[in-house]
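So the structure is just underneath, and the comments pick up after that.
The values are calculated or read from the model by the stated rules, or taken from the named source; none is laboratory data. Being a predicted model, the structure only gives us computed values, none of them experimental. No Cβ is skipped: glycine too gets one built from the backbone with ideal geometry, and neighbour counts run over all protein chains shown. The area values use the complete protein model at the heavy-atom level, side chains included, leaving out ligands, DNA and RNA. Shrake-Rupley method; radii C 1.70, N 1.55, O 1.52, S 1.80 Å.
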Amino acid sequence: MSTIGRLYLDGKIWLSDSVCTLVSPVSPETFANFCPRFIDGFFVSLELLLLSSLMGIVIALAIALARTSSTVLLSLPAYLYCYVFRGTPLLVQLWVFYYGFGALGEEGLGFLWPLFRDGYTVGLFTLTINTSAYAGEIFRGGIVNVPHGQYEAATAAGMDWWTTMRRIVLPQALRIAWPAYSNEVILLLKGSALVSTITVLDLMGQTRTIFARNYSLDVFLYAIVLYLILSGALTVLLRLIERRMMLPGEAAGAAG
Amino acid sequence: MVLENLPLLTIGDTGWGDELLAGCLVTLELAFCALAIGLVLGLLLAGAKLSKYAVLRGFGEVYTAFIRATPEFLILLLVYFGSERAIQSLLALVGLPISFEMPRFVAAVIGLAAIFCAYAAEVFRGAYLAVPHGQIEAGIACGMSSWRVFHRIRLPQMWRFAIPGLGNLWMVLLKDTSLAAVIAVDDLLRQAKIASESTRAPLTFYLAAGAIYLLLTGVSDAARERLERRAQRGLARAQG
């Protein structure tokens, strides 16, 4: 394992230990007993969310560009991708990839097998694909709403297609689409709870294991509080990014 | 692999097609029941949010914030186990120590409706405020009572503003019904799971379930477009 990986793991354990020693004396007994599990699940959920949304943004931008392209060979596959992954439940997608493709085994999947063997990688993969389909649609809306004069001005200034996109269109499209995208990230956080059905011990997975052990309902309440903290922190972070992207003099929320 | 398993999807004793269709029916039942209850609760919640009493407004805001941040899956489990526990302790309190088992279908409907109504309330609230104020004033000027203004002027127009949002929520609801499979309601996804476990052809059945969901959302999308067009009829199309 790399040094960074080890450092990250150590950091997680240290954080979990310190949070639990701090919180345990003042928290209800059930929570105190299972504190390390809750914190561990919290981190797994956070990791899944950050990784899938970051990879999702990249794919979504490509999808949005393909969808707005005038070439049918690009726009049609992108449209179908969005249509299929937005039209089916995330739970079904997870089960198709984990139980469905996973059942093909090593002989059926070849070098892809390690990816499909582990619930965590399948979960990450499926969440990325799912969110990129939704975000692709959102970014497409942003691109379409950039005033046409901007394209013409860029062309008149001698920019080629890629420069126009990178310098003129995408920054503005992102600014328009950001409030809607923030919503999608919160939906992704809630959707990520479903990876617990494919054996991943995220916050929801840990909650279900703990509940199966002691059958006490307050376990769910602690999970809700932790999810509230996660989504609250995310909302603040997304709002900060939104403010950074704002042009000077532009009123808050005017871009939405 | 998938192709050679296609006979498994036929209707009859050897195929699982009829089971999948039965599951599909349960999925639709779940969705329509949750929709009906959720719309009523959503209207009430929107009323609470627009109320002049701070307590009701506060409740509305807290409830929406809670539903927005909590995973649907968690809410469903909480409703399922929580309602069973609550009714059981209520029975014990009355002096009837019989064990009570919450019907899973009912629990799933309540959970889905509880989620749906929070988002529907936002849509209704927006639609309520979208009706131009001048029309309300005109109604009052004509001597209408506030109730008459509401059901003659506001309500008929609210639908027009609410339909796009509600259509979106319906699609979300339809997809969320698949969560009921996890608490063992025999919906489409669970039938696919049962079939795949007994035939050992999971890819075929989960893909088939996915295709049926895609069909359901596709039909819903087309229906929403027609409804939207119908709601807009007679209006000037200046903005297109």
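Of everything in segment A:196-218 that's at the interface with another protein chain (Cβ under 10 Å from one of its Cβ atoms) and β-branched (Val, Ile, Thr), which residue is surrounded by the most Cβ atoms within 10 Å (Cβ to Cβ)?
Out of the qualifying residues, it is A:Thr207.
Within segment B:206-240, take every residue that is among the small types (Gly, Ala, Ser) and away from chain A (no Cβ under 13 Å) and give me the one that is farthest from the chain's Cα centre (by Cα).
So the residue we want is B:Ala238.
Are there any pairs, at least 6 apart or on different chains, whose C-beta atoms fall under 6 Å, with the first in segment A:162-186 and in contact (Cβ under 8 Å) with a residue 40 or more places away in the chain and closer than 21 Å to A:Tyr227 by Cβ and the second open to solvent by 30 Å² or more (accessible area, probe 1.4 Å) and of a type in the set (A, V, I, L, M), and if so, which?
Hits for this filter: A:Tyr181/A:Ile138.
Quick check: is even one residue across segment B:191-205 more than 29 Å from B:Gly60 (Cα to Cα), within 10 Å of chain A (Cβ to nearest Cβ) and in a loop (DSSP other than H, G, I, E, B)?
yes
Report, by residue number, each residue of segment B:44-81 that is away from chain A (no Cβ under 14 Å), among the charged types (D, E, K, R) and crowded, with 18+ Cβ neighbours inside 10 Å.
B:Lys49
So which residues in segment B:116-160 are outside any helix (DSSP H, G or I) and of a type in the set (Val, Ile, Thr)?
B:Val131
Can you tell me which residue in segment B:180-190 is nearest to B:Gly17 (Cα to Cα), limited to those that are open to solvent by less than 10 Å² (accessible area, probe 1.4 Å) and at the interface with chain A (Cβ under 8 Å from one of its Cβ atoms)?
Only one residue tops the list, namely B:Leu189.
Between a residue in segment A:84-112 that is under 30 Å from B:Leu169 (Cα atoms) and within 9 Å of chain B (Cβ to nearest Cβ) and any residue that is in a helix (DSSP H, G or I) and among the charged types (D, E, K, R), which pairs come within a Cβ distance under 6 Å, given they are 6 or more apart or on different chains?
Partner pairs satisfying both residue conditions: A:Pro89/B:Lys175.
Condition test on B:Gly167, is it more than 18 Å from B:Leu25 (Cα to Cα), more than 10 Å from every other protein chain (Cβ to nearest Cβ) and touching a Ser or Thr at 6+ places or on another chain (Cβ under 8 Å)?
Yes: the conditions hold for B:Gly167.
For segment B:73-87, check the following and say yes or no: at least one residue is part of a loop (DSSP other than H, G, I, E, B), within 23 Å of the chain's Cα centre (by Cα) and under 28 Å from A:Asp218 (Cα atoms).
Checked segment B:73-87: no residue is part of a loop (DSSP other than H, G, I, E, B), within 23 Å of the chain's Cα centre (by Cα) and under 28 Å from A:Asp218 (Cα atoms).
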